[in-house]
1. Are there any pairs with C-beta distances below 8 angstrom linking a residue in the range 179-195 that is closer than 14 Å to GLN26 by Cα to a residue that is among the charged types (D, E, K, R) and surrounded by fewer than 20 Cβ atoms within 10 Å (Cβ to Cβ), with the two at least 6 apart or on different chains, and if so which?
2. Go through the range 5-26 and give me each residue that's modelled with pLDDT under 95 and open to solvent by less than 60 Å² (accessible area, probe 1.4 Å).
3. Please name all residue pairs, on different chains or six or more residues apart, with Cβ atoms under 9 Å, provided the first residue is in the range 100-116 and is over 12 Å from GLU194 (Cα atoms) and the second residue is basic (Lys, Arg) and assigned to a helix (DSSP H, G or I).
4. Anything in the range 28-44 that is touching a helix residue (DSSP H, G or I) at 6+ places or on another chain (Cβ under 9 Å), open to solvent by 20 Å² or more (accessible area, probe 1.4 Å) and more than 12 Å from the ligand (Cβ to nearest atom)? List them, or say none.
5. Looking at the range 67-78 only, could you name the residues that are under 18 Å from ILE96 (Cβ atoms) and either touching a Gly at 6+ places or on another chain (Cβ under 7 Å) or polar (S, T, N, Q) (or both)?
6. So which of ALA136, ALA205, ALA196 is outside any loop (DSSP other than H, G, I, E, B), open to solvent by less than 20 Å² (accessible area, probe 1.4 Å), of a type in the set (A, V, I, L, M) and under 25 Å from GLU51 (Cα atoms)?
7. Specify which of the listed residues (LEU198, LEU202) is assigned by TED's automatic domain parsing to the domain that holds LEU19, more than 27 Å from GLY128 (Cβ to Cβ) and not aromatic (Phe, Trp, Tyr).
8. For ILE78, only one of the following conditions fails: (1) open to solvent by less than 40 Å² (accessible area, probe 1.4 Å); (2) free of Cβ contacts under 8 Å to residues at least 40 places away in the same chain; (3) within 12 Å of the ligand (Cβ to nearest atom); (4) more than 17 Å from SER138 (Cβ to Cβ). What is its number?
Amino acid sequence: MKTACNKQPQSTTDLWKYLQTNRFVQEVKELSETDSTNRVAKEMAVCGAPEGTLVVAKRQSKGKGRLGRSFFSPEGGIYMSMVLRPQIVAERALLITTCGAVAVARAIEKVSGCTTGIKWVNDIFVNGRKVCGILAESGLSGASEYPDYVVLGIGINVKKQSVPEELKAIVGCLENTAQRPILNEELIAAVWEEFADLYRNLSTAVYMKEYKERSILMGREVTVLAAEGEYRAVVTDIDKDGHLMIERDGRVESLSSGEVSVRL
Ligand code: BTN
């Protein structure tokens, strides 16, 4: 079924109260349940939704993760996707994910008091557990050197949930560590307030310094899961475009995608 592209009449929901003065959010589509907010936001972007259009759902039945994985999305978490129209060439698209990661890390710290770390490229960790995943998906028209749109999807585990067995050792939630009760609406608004400042500097990516400082991989020995198989390497740097620099058998290589695991 098609999603209507016209502006939803802005209501007096709790979320809208937090977002109406937000510097980045222009329109909000609130859903109690959907398959994936990224899917809905992409459909709206194709229909011409402007930058600043936000889709938020209370739960997702088919939340998408990176590398074709699913993202467990029960009620109590934050599932949201933002329509962006960045003037950035496709090769620098990682900057959107890194920009989102810094915004989420800052917002979580402000709202919950938890200390966060970023695991390249798209995960936010608290207390050794993943509490947030980020998935940026681009639509390319071919008519321009820039993407037609980018949808930035963010999933944050806020409330305690019964987690499937296979995720128990990896996934955490903010409620376990937070120094105060967390209001999802307040955290959503805080993410996009932080994002507003960072996104203005997307092409110069001045925030990469902070991304590196927050990175839990710098200087660490990691396992890289590549198409050709697994190998061990040491993380030496993250470059200005968000690529992970690793040293492997005395040679420095740059990774732009893929999965890296580290013993925490
Ligand atoms: C990952 O950890 O691999 C990325 C997870 C991204 C999940 C978010 S939840 C909101 C948005 N909608 C989706 O279907 N995925 C993203």
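The values are calculated or read from the model by the stated rules, or taken from the named source; none is laboratory data. As the structure is a prediction and not an experimental result, all values here were calculated from the model. Cβ sites come from the backbone with ideal geometry, for glycine too, and all protein chains shown count toward neighbours. With ligands, DNA and RNA removed, areas are computed over all heavy atoms of the protein, side chains included. Shrake-Rupley method; radii C 1.70, N 1.55, O 1.52, S 1.80 Å.
1. TRP192/ARG23; GLU193/ARG23
2. Selection gives CYS5, SER11, THR13, TRP16.
3. If the second residue must be basic (Lys, Arg) and assigned to a helix (DSSP H, G or I), the pairs left are THR116/ARG106; THR116/ARG214.
4. Hits for the range 28-44 are LYS29, GLU30.
5. Result: PHE71, single match.
6. ALA196
7. Values: LEU198 fails: more than 27 Å from GLY128 (Cβ to Cβ).
Result of the check over LEU198, LEU202: LEU202.
8. Of the numbered conditions (1) open to solvent by less than 40 Å² (accessible area, probe 1.4 Å); (2) free of Cβ contacts under 8 Å to residues at least 40 places away in the same chain; (3) within 12 Å of the ligand (Cβ to nearest atom); (4) more than 17 Å from SER138 (Cβ to Cβ), the odd one out for ILE78 is (2).
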